[in-house]
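Since the structure comes first, as C-alpha cells, the remarks are kept for the end.
Values quoted throughout were computed directly from the atomic coordinates according to the rules given, and no laboratory measurement underlies them. If you're wondering where the values come from, they're calculated on a predicted model, not measured in any experiment. Using ideal geometry, Cβ is built from the backbone for each residue, glycine included, and neighbour counts are taken over all protein chains shown.
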Amino acid sequence: MNIRTELVKKMDGLWRLIIAHQFSHYCIACGKPGTDSHHWAYRRSILKYRWHLFNGVYLCRPCHDSVKYDNGRKLDDIIIRWYPYLFQWYKSQPQLTVEHIAYNDLLLQYAKLMQVAIDLGLKGIANEKSNSK
C-alpha cells in the first residue's frame, strides 16, 4: 500500500470517529445507536469535501441502507428540518466534480482532522499523535 493510500485510510477513520461523536453515536433518522458515518451532501469520490465535517451524518445500519435506496430523500428531509446549518452549508458550495488533491493538501486536511479529534478528546487519538512523532 502506498503512503497516499495509507493517509486516505487514516483520514477516513478519523472522519468516521468525529462524525459519530458529533451526533453522540445515535442515528439521526431513528434515534437508535448508530453504526455508520455517512457522506450525505457529496460522494466520497469528491475529495474536496470527503472529510469535511458538514458532509457527514451518523446513521444506524437499517437507516443507512434505506437512505441508499431512496436516493437520500428521507435524509434530506431530516437534515432540512433538524440540521439546517448542514443544509445551508451544502447550498453555499459550488457544484463540483471528482478532482485530484495534491498530497500536501491531504496532509493539511489530515492535520486539521487530527486536531479536531484531539480537541474533542476522542479516545486513542492523542496516543496515535504522540506515537507518530
| query | Expressed in nm², what is the orientationally averaged projection area of the convex hull enclosing the Cα positions of the chain? | reply | 8.9 nm²
| request: Could you tally the net charge around I80, taking each other residue with its Cβ under 12 Å from the Cβ of I80, Lys/Arg +1 and Asp/Glu -1? | output: +2
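When the gyration tensor of the stretch 23-97 is built from Cα positions, what are the square roots of 5 times its three eigenvalues, in whole Å, from largest to smallest?
20, 13, 12
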| query | Along the positive direction of the dipole of the stretch 23-97 (beta-carbon charges: Lys, Arg +1; Asp, Glu -1; about the Cα centre), which of L53, P84, G31 reaches farthest? | reply | L53
| message | Less than 13 Å from a label point 7 Å out along the Cα-to-Cβ axis of S45: which backbone N atoms in the stretch 92-113 qualify, by residue? | response | 97-100
| said: Ignoring everything except DSSP H segments at least 4 long, calculate the 222 nm mean residue ellipticity for the chain; use -39,500 (n - 2.57) per segment, divide by total residues, nearest 500. | reply: -17500 deg cm²/dmol
